[in-house]
Amino acid sequence: MLDFIIKRFFQVIVVVLLALTVVFFLIRISGDPTTLFLPPDAPKDQIEEYKELLGYNRPLIVQYGDFMFHAVQGDFGESLRSQEDALGIVLSRIPATFQLAISALLIALIIAIPLGVLSAYKRNTVFDKVGVALTIVGQAIPSFWLGLILIYFFAAQLKILPSGGGGTAIHLILPTLTLAAYSVARFTRFTRSAMLDVLRKDYIRTSKASGVPTFRLIMRYALRNSLIPIITLVALDLGVLLGGAVITEVVFSWPGVGRLLMQSLMNRDFPIVLAGVFIIALIYALVNFIADVLYAYVNPQIRVK
Amino acid sequence: MSSSLPQNEQALENRVKPKRKSAIATFFSNLSRSWTGLIGFIIIMTLIVISLIGQWITPFDPYFAEFSKKLLPPMTEGHLLGTDQLGRDIFSRIILGARVSVIIGLATALIAGLIGTIIGIIAGFFRGWIDIILMRIVDVTLSFPFILLVLVINAIIGAGLRNIIISLAVGGWVIFARVIRSEVLALREKEFITACIATGVSRFEILIKHIVPNLFTPIIILASLQIGTYIIAEASISFLGFGVAPPTPAWGNMLNEGKDYIFSSWWLITFPGLAIVITALGVNLFGDWLRDTLDPELKGE
Amino acid sequence: MSDTILKVKDLKIQFKTGKKTVQPIRGVDFSIKKGETLGVVGESGSGKSVTSLAVMGLLPEKTSEIISGEIVFDGKDLTNLKEKHFRKLRGNDISMIFQEPMTSLNPVFTIGEQLSEPLKQHKKMSKKEIETAIIAVLTQVGIPRAEQIIHEYPHQLSGGMRQRVMISLALLGQPKLMIADEPTTALDVTIQAQILKLMKDIKKQHDMSLLLITHDLGVVAEMCDRVVVMYAGEIVEVAEVKELFDNPLHPYTRGLIESLPSKNTRKNRLYSIKGQVPKPNEITKGCIFANRCPFAFSKCFEETPPVQHTGNHMSKCWLQDSNKDEVS
Amino acid sequence: MEAKTLLEIKNLKKYFEISQGMFKEKINVRAVDDISFSVREGETFALVGESGCGKSTTGRTILRLTDPTDGQIVFKGKNIEKLPYNQMRALRNRMQMVFQDPYASLNPKKTIRQILMEPLRVHNKFPREERLEKINNMLKIVGLSEEHLDRYPHEFSGGQRQRIGIARAVILQPDFIIADEPVSALDVSVQSQVINLMLDLQEEFGLTYLFISHDLSVIEHMTDRVAVMYLGKIVEVADTEELFANPRHPYTQALISAVPISHPDEEKERIILTGDVPSPANPPSGCSFHTRCPFAMDICRKVEPVSKEFSNGHKANCHLYTDSENKEEKEYAINHS
């Protein structure tokens, strides 16, 4: 088990470093960064001077080495706009993003798993069919549009919730619902099908043959088996959740990493973009890592050799 | 030498021999049995037709701005779905916007699918170091949320229809590569492939004649399920101000422009959004149906 | 009559798949006496497993339906029994062993957790008592280090060991009837010998009836008192085991016995039944075996043969028709 | 008098490496561990053993469907264990295979015509225009007919598919066919049909079979010589009749005694083996059977037994028969068998 954790942890590091590498080169290939600092009609020698100053005249590979050397120490340079430490700015936005993502994830799981289980249990009833239809529609609704619709109803029409901004629990309600909606639909549907899948298994028949009542069969036996694929899916979908968080943050002006990243992309503030990429890749990789460990934990075939 | 099979059985064989249908007839008879699949198919067909003939059926010029008629509510002055902040007809713009979604969905699926499939086949069939390198690239790409990856790439390489397709394809091929690779790996272990080796078929022929034909089903299923993702991703990115740039009408950028008027003019955000939802719904329904029909084992994820 | 533990009368079962319906069981009659081992022999598609699932009340609820007949267990008809009451029987009065020991145990629960279930459901026992009972049964089925095994997971055990666990699971409720569906088919010969011996011993000790479902005539010869031969959803012959091997009446049974390699001269062509088992949708009127039967005559293709009794030996074949004209 | 040797296997080994993760040592599974035997022209040679004993791996290694770790495979006097893929291809029209699972071994996307045409095309056998006729002929021989040509495998029953699999192997008119459990996936009433077909084909085409099976009654019926495998090793070889009449190795004795009786009156003295087959990744020391052997002696735990020849090619690897002490124990065992 420990070997497995160590091995997976190495993978996390490798993946994050490679992700940084890719974005670094992508940015360098896309254009000369010095032109961003200077007016477009700046004289040539001023550009050269600037390049000299920022080290952009060195060979690309040296720049890369330099960048990585500093990056692994958490130094991504200063924001081109505010001249503050790029990583520091990104880190300061993390709590807001976490708040949003975690509350959305919790809500999604709290709603979706019981709903999916119930749907599987009452398979082919009206309840199940309506549930399935809703999840199919739910998966087709883009989160940013749902956000707009929610703003229209709750902020513009009913005027009971704020349309944007951050800070209080009230502000969290609409963004959380927006972000959770897609995951609710997807997790419910997946829980249902994972459950139905497990219910077809031989070992469920064995439990039935032991006289286990259906309710206990589902809640105790089938659920634990279906949790294995559910955990995998939730881990895979955290990427979608993080991606959705960026868009949701923009829609609701939520002061998180996603909105920061968007603004920096607009302003071509690359140190912040790189720091943001680093943080997001790191979070995503860590979350996947945790999911893997969790997966191994619920699956004794991996846990116990 | 006598046949070990008697006449009686031959007769039985003939009695139960199924009637053969053409592939197209089978497709439609299967489709007619599933109303969800049918709805999906009708939505997709309608979209494709609209995107082909859209420019001739719009009631108004979608680009024509008339400030005196800005922000007209639906059903006024012949504007079925109202007008936007510049006085352009929303219905006409939605019709023309269908083209962007259809092109992006199909083109990305085609490009990402093709690249991903080729890479998946190479990695899965040849294994070794090439497999390791390719799969590391896939891992790294997947270590980043899809929509963010596309967003960052698109922000760096710039807006425009071509660039959004490139960005989506760069983010999207990995899914194909990973799925096709594992399909190839699974196929390689199949006994009928071993049987080919035992027969003396060359490696190249095994790949082309036996492995590739068995990949069509997963590729088609995957592509049909991914198209919805691409369409929503494009809309999201255009909504954020990248992707397809105005004045080209795309549902995403219509929502982007309309969001500032949310407190006064609800129709600006409602209808383009509905168009996205219906499209994604149609694609997903059809994709689900296709998966359930072609590959019963994959049923339900 | 009271010494009959289970009686199945004219059982018919229908399956629905989409809009098609098939009827894999078309009128099955048999009974098991107390303490008896009844073998049900048949090939895939004969309906032997479906019959056993019907007795256990484990047929898929939505897609299958018992359209007629009775299953009388211990004087009670099970066909209309509510799930709530059926549950009280399962794992208690009737228990079952399945074919695949590898997939029949839940991979995410320990052996002990799974074995405690029938006791939790049917007996009022404390945790300590349950553990003691489980260890006792595991020891009885020949599992070494039972105290440790209860904390292990199924994947840590071999196939033979898992089948022993399955047997102990079936034994825990001290059932009156145990159903074993191809209990040794997935196992190697030497392990099969172990398990068969174990089942014989256990049956003796526990004074229960055993319904043994198998495709293997060798297993039948070894284990059974009486045999039911099933073919394509019907019973074609029922007899005492010796009578069946010495004097098979139905051409299908005869074919199965004759085609055993041991009944044929070495290196020569084996006696063989031509053709293959019909699928449920291929069944037409007349005798179900007519199209493969070497003795079939015109009547066989026209009418379903009646059940013929010769003492305790029952068969369903026109050749046994007492009114028949001289044929074959 | 002695028929010519068609295939000779010398010290064949096939080890599989199984990775246990980054920080653990890889384990070597000795699927086939130093076996030797030879197959004569025209005979049916059987490999028998329980699951995991390495009999299927042996068959696959001989056909080079997987590469041997060590040892020699001599087919028609030619060493083939190191032939590269393309040279081996050319040889495959002489040696063919019938697989266990008739569902998995036919490509679901190909018609019967395509399946049977492929070997002819690959080996450029018969003039192009005659090939279809040859295929039709072969279909008739295996009990199918022309009208099945354009059907797909899923339209056939298991028995019919196995006939197609056999047709594919025989259509090249090979000298040698490895049949890996060819009837064990089939219904009882269909098994005898397929066995008959294989016997007929052997007679008609003068085929040599390597027949891999766990079913002792089938082996007793249709093979000439048998090698018994246990944990990757051959423990006994003999003519079939001799082996069943006079098994020497305790494992063979147990195996034969474990076969269910064929009539309820039959009395059989059973040797019930205790325990399970050990893992081939971690085989026992000395004689690999000693953990389950009812006659195991001290020496069995330490020294691997060597082959001892009894009569006329009957050989067994067992300490009971090698010259050493413990005479009493041995005599008891031998008398008991």
* Asked: Ignoring any ligand, DNA or RNA, what whole percent of the accessible area of segment B:160-202 comes from carbon and sulfur when the probe is 1.4 angstrom?
  -> 57
* Label-point separation (nm) for A:LEU286 and A:GLN157, each offset 7 Å from Cα along Cα-to-Cβ? -> 4.1
* Asked: Between B:LEU274 and B:ILE48, 0.36 nm times their residue separation minus their Cα-Cα distance comes to what?
  -> 79.7 nm
* To do: Please turn the phi angles of segment B:91-106 into ³J(HN,Hα) values with the Karplus equation 6.51 cos²θ - 1.76 cosθ + 1.60 (θ = phi - 60°), one per residue in order, whole Hz, x for glycine and proline.
  => 4, 4, 5, 5, 4, 6, x, 4, 4, 4, 4, 5, 4, 5, x, 5
* Structure fact -> Nearest-0.05 FRET efficiency for C:ASP74 and A:ARG216 at R0 = 25 Å, using Cβ-Cβ distance, is 0.50
* Which FRET efficiency, nearest 0.05, do B:GLU77 and D:LYS109 yield, Cβ-Cβ r, R0 51 Å? -> 0.30
* How many square angstrom of accessible surface are buried between B and A, both sides summed, with a 1.4 Å probe and rounding to 100? -> 3600
* Asked: Rounded to the nearest 0.05, what FRET efficiency is calculated for C:LYS127 and C:GLN205 with R0 set to 41 Å and r the Cβ-Cβ distance?
  -> 0.95
* Asked: Hey, which of these cross-link pairs are over 24 Å Cα-Cα: C:LYS20/C:LYS285; C:LYS84/C:LYS197; A:LYS208/C:LYS124; A:LYS201/C:LYS204?
  -> C:LYS84/C:LYS197; A:LYS201/C:LYS204
* With Cα atoms, 0 to 90° folded angle of helix A:270-298 axis to chain A main axis -> 20
* Structure fact -> Taking Cα atoms only, helix B:161-188 is inclined relative to the longest principal axis of chain B by an angle, in degrees rounded to 10, of 20
* **10 Å Cβ neighbours from other chains, averaged over peptide B:235-244** => 4
* Asked: Where a Cα-Cα gap under 15 Å defines reach, which aspartates and glutamates qualify for C:LYS316, not counting those fewer than 8 residues away within the same chain?
  -> C:ASP10, C:ASP29, C:GLU234, C:GLU237, C:GLU302, C:GLU303
* Structure fact -> In nm, the gap between the two label points placed 7 Å beyond Cα toward Cβ at D:LEU132 and A:LEU26 is 5.6
* **Partner aspartates and glutamates for C:LYS120 [C-alpha distance under 20 Å; skip if fewer than 8 residues away on the same chain]** => C:GLU83, C:ASP93, C:GLU129, C:GLU131, C:GLU147, C:GLU152
* Give me the accessible area per residue for chain A, probe 1.4 Å, as a whole number in Å². => 45
* Order these peptides, B:216-222, A:244-250, D:233-239, D:156-162, by their mean beta-carbon neighbour count within 10 angstrom, highest first. => A:244-250, D:233-239, D:156-162, B:216-222
* **Interface area, D with C, accessible, probe 1.4 Å, both sides summed, Å² nearest 100** => 3600
* Asked: So for B:PHE41, D:PHE16, what's the accessible-area order with a 1.4 Å probe, most first?
  -> D:PHE16, B:PHE41
* List the longest stretch of chain C that has no exposed loop site; here a site is one of the trypsin sites (Lys or Arg not before Pro) assigned by DSSP to anything other than H, G, I, E or B, with at most 11 other Cβ within 10 Å. => C:146-284
* Asked: Mind checking how much accessible area C and A bury in total, 1.4 Å probe, in Å² rounded to 100?
  -> 2500
* **Degrees separating the helix C:111-122 axis from the principal Cα axis of chain C, which is the longest one** => 80
* Structure fact -> Heavy-atom accessible area per residue of segment B:153-201, all protein chains kept, 1.4 Å probe, expressed in Å², is 32
* Structure fact -> Per-residue average of other protein chain Cβ atoms inside 10 Å, peptide C:255-261 -> 5
* To do: Tell me the label-point distance for the pair A:ILE94, D:ASN124, using the 7 Å Cα-to-Cβ offset, in nm and rounded to one decimal.
  => 6.8
* At a 1.4 Å probe, what is the % contribution of carbon and sulfur to the accessible area of segment C:103-174? -> 55
* **Residue-level accessible surface for A:TYR297, protein heavy atoms, 1.4 Å, Å²** => 140
* To do: Let me know the mean shielding of D:138-150 by other chains, meaning the per-residue number of their Cβ atoms within 10 Å of its Cβ.
  => 3
* Name the shape class, rounded, prolate or oblate, that the alpha-carbon gyration tensor gives for chain A, where a ≥ b ≥ c are the square roots of its eigenvalues, rounded holds for a/c under 1.5, and otherwise prolate holds if a/b is larger than b/c and oblate otherwise. => oblate
* Pull up all non-local amide H partners of D:ALA46: gap of 5 or more, or a different chain, and H-to-H distance under 5 Å with H placed in the peptide plane. => D:PHE211, D:ASP224, D:ARG225, D:VAL226, D:ALA227
* Structure fact -> Residues whose built amide H sits under 5 Å from the amide H of D:ILE178, excluding neighbours closer than 5 in sequence, are D:GLN96, D:MET97, D:VAL98, D:LEU210
* Structure fact -> With DSSP loop assignment and no more than 12 other C-beta atoms within 10 Å, the GluC sites (Glu not before Pro) in segment A:37-134 are none
* **Solvent-accessible ranking of B:ILE94, B:ILE137, D:ILE112, largest area first, probe 1.4 Å** => B:ILE137, B:ILE94, D:ILE112
* Asked: Amide H to amide H, which residues 5 or more places from D:ARG40 or on other chains are under 5 Å from it, using H placed in the peptide plane?
  -> D:LEU6
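The values are calculated or read from the model by the stated rules, or taken from the named source; none is laboratory data. Small disclaimer: the values here were computed from a predicted structure and weren't measured. So basically every Cβ, Gly included, is an ideal-geometry build from the backbone, and we count neighbours across all protein chains shown. Side chains included, ligands, DNA and RNA excluded: accessible areas come from the protein's heavy atoms. Shrake-Rupley method; radii C 1.70, N 1.55, O 1.52, S 1.80 Å.
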